[in-house]
Each structure stands twice: as C-alpha cells, then as structure tokens.
1. If we hang a label 7 Å off Cα along the beta carbon direction at A:Gly77, how far is it from the matching labels on the other copies, in nm, shortest first?
2. How far is A:His109 from the same spot in each other copy, in nm, shortest first, if each label point sits 7 Å from Cα toward Cβ?
3. Taking the Kirkwood radius as the inverse of the mean 1/r across Cα pairs, report the Rg/Rh of region A:4-113.
4. Counting Lys and Arg as +1 and Asp and Glu as -1, each charge on the Cβ, what is the dipole of the protein assembly as shown about the Cα centre in debye, to the nearest 20?
5. Among B:Val15, B:Val155, B:Val59, which one shows the highest mean-square fluctuation when chain B is modelled as a Gaussian network with alpha-carbon springs under 10 Å?
6. Let me know the charge dipole size of region A:7-53 about its Cα centre in debye, to the nearest 20, where only the beta-carbon of Lys, Arg (+1) and Asp, Glu (-1) is charged.
7. For the rotation that brings chain B onto chain A, whose beta-carbon in chain B is nearest the axis, and what is that distance in whole angstrom?
8. Ignore the peptide's own chain and count Cβ atoms of other chains within 10 Å of each Cβ in B:94-106; give me the average, rounded.
Number of protein chains: 2
Amino acid sequence: MASGEADNAPKVRVVLQQCLGARLQTQPATDDTPSEFVQISRGLVVYICFLKAASSDMVEKIVKTVLTVRLSETDGGKLVSILDLPGDLLIVPQATLGGRLKGRAMQYHNIIDKSAGFRLYGEFTELCKSTVNSNSISQEKNCVVQCGTYGNRQVLEIDTNGPYTHILEF
Amino acid sequence: MASGEADNAPKVRVVLQQCLGARLQTQPATDDTPSEFVQISRGLVVYICFLKAASSDMVEKIVKTVLTVRLSETDGGKLVSILDLPGDLLIVPQATLGGRLKGRAMQYHNIIDKSAGFRLYGEFTELCKSTVNSNSISQEKNCVVQCGTYGNRQVLEIDTNGPYTHILEF
C-alpha cells in the first residue's frame, strides 16, 4: 500500500489541561480602554489548532470527544467528562500547536489559512456552547464556556491541581 | 517498504509553554509539614513524557533542542532560545502526554515503566541544569532550572503573556 505521511497527518490538534481556574485576555488594552478578560472556575482549558486539511464535518466529532472524554476528577477521585463533572470550558485558539521543528526554528506551513481557521474556530466554539448549555447538569451549576479571540495573543493565567495535560489528534 | 506504525511512533513527547512566572508543588502537605513549591520567573515550562522506546542516548538531543529552539520572545519582539533570552526553566514530568484515546477514556500502554522513566527524567533534568549553569548569559541573570518530582501530582500555576504552546516529538 502506498501510504504517504499526508494520509496519517493530523488535521486538528487539541491540548487539554484541567484547571481550578483560568483567565484569558480577549482584547488587549488600547490608549483609551483597559484589557478585557474572560475567566472560568474549575474545568477544562482547550487549546485548539486547525491544520490545512481540517473541515467543518470534523467539528461535531471533536466537540463530542472533548466534552465526553473522561479526564476530569471528581472530589471523590473518579474520572468523568467535563459535562458530568460538571465544569467550565475555556477555549484557546493556539495555532502554534501546528508548528514543526526545522533546525532551531518552528515552521507553520501546515496551519490552515486564517479565514478558514476563523470559521472552523467559530463552529467549534458555538457547538461547545450549545452542547454545554443543553446539558442539564452543567446548567444547574451555572457552568460557562469562554473563548479566546481568534488571531490574538492569548494572554493566559492558569491555576491547576495538576494540569493532567493530554494531546488529542483528529 | 514495510513501515509499521511503531517505527514512526514518538519515543519522547515534550510540550513547551512560555511563561512570565510559574509555581509547582514538589511535595504535598502532610499532617506535620506544609506543601513545598518551586517557582520560576520569565521563561519556559517544559512538560515531558517518556514512552516505552525512549533511551538515554536520546537525552542529549532533546535537551539541546529544548534549550536552543527559538520560541522565547525578547522585549523587542525577536524570537530567541531560552539560553539566549535568557530565562528560567520549569520541568514538569507529565506522563499523561503519552495517553491515547480509546472510546471515552485515555489509555497509557505506551508509557515507559516507572523506574526507567525516573532514570531518564533525572538524566534530562541534570543535563538541563548543567547546560544552563554553564551558559554565561543565563548565569549573569541568575537564571534557574526547577523540576517537579517524578511520579507526583503536578500542582501547577502558570502566568503567561501568551503560552505559545508547542509540541515536540522525538
């Protein structure tokens, strides 16, 4: 079988970290206005990068995986999904996850172009929001989904009880 | 060519995040003693996971890559290595990076056994320390290398001006 690297190459890369709280800048300060931030309490920080071959038909599966994978620890030490914890979600666009080492520098040739990435990021965040908002356990606890601004510098603070970092590729 | 997945599978996985400061618990509290922490100022957080095929002869290359890849931003906006910034280093053992999704759970069959991982982690941290300590720019600025305790829960706080998250595989 002729199996090139491109066939196996990931199209979307996600890094998940558990947090006790996190805060992300959504707009940098200007001369006239201070910085704007969003923040979450206990929950999941989702860093996401769309590579060139990513497409809209993948979004539903990625959202389902991120929201149902059992990586969040209950007070009793049991691993459950972020929907079952329930917890908050902070989504951080992170194109650097698509970098490849070349010599002493990273190259980003495989990252999707900005307009397609912006669209996919919007679809991903909207589906995360609607799924969490239709989950009764999340709503009972007033869980929120917050998002970074695509294309901005992601000024982030994160406080963890163990980040429990996982990489998912799609 | 018969090229199985095992041939291409990574042996060591590293995630790098830039930070303005970070603090990591090295010993949890006991009934008699409070928690112990290490902390760094501006620099690099290095999460590392050794998989089954990892070996000592890889350590030198990994250390060299982590310390010389140009991912740290100077005040002037130029990307330089952590040795040239110069900045601190916080090394966080993170076996979860070796997880693979199976259904709704992660499996960790590919992670190296604990004693071999402990040994490789020690070699990696020692070589990072000796390299930073022999770098005159780092020493002029009193840069430090701090490490988490292998096998412990990594209670971590990180403050960034953009984590600029990168994945390296060896």
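1. 5.1
2. So the distances to the same position in the other copies read 3.4 nm.
3. For region A:4-113, the value is 1.05.
4. The dipole of the protein assembly as shown has a size of about 740 debye.
5. B:Val155
6. Once rounded to the nearest 20, the dipole reads 360 debye.
7. Here the nearest residue and distance are B:Ile158, 3.
8. 5
No value in this document is a laboratory result; all are computed from the given coordinates. Just so you know, these numbers come straight off a predicted model, no measurement behind them. No Cβ is skipped: glycine too gets one built from the backbone with ideal geometry, and neighbour counts run over all protein chains shown.
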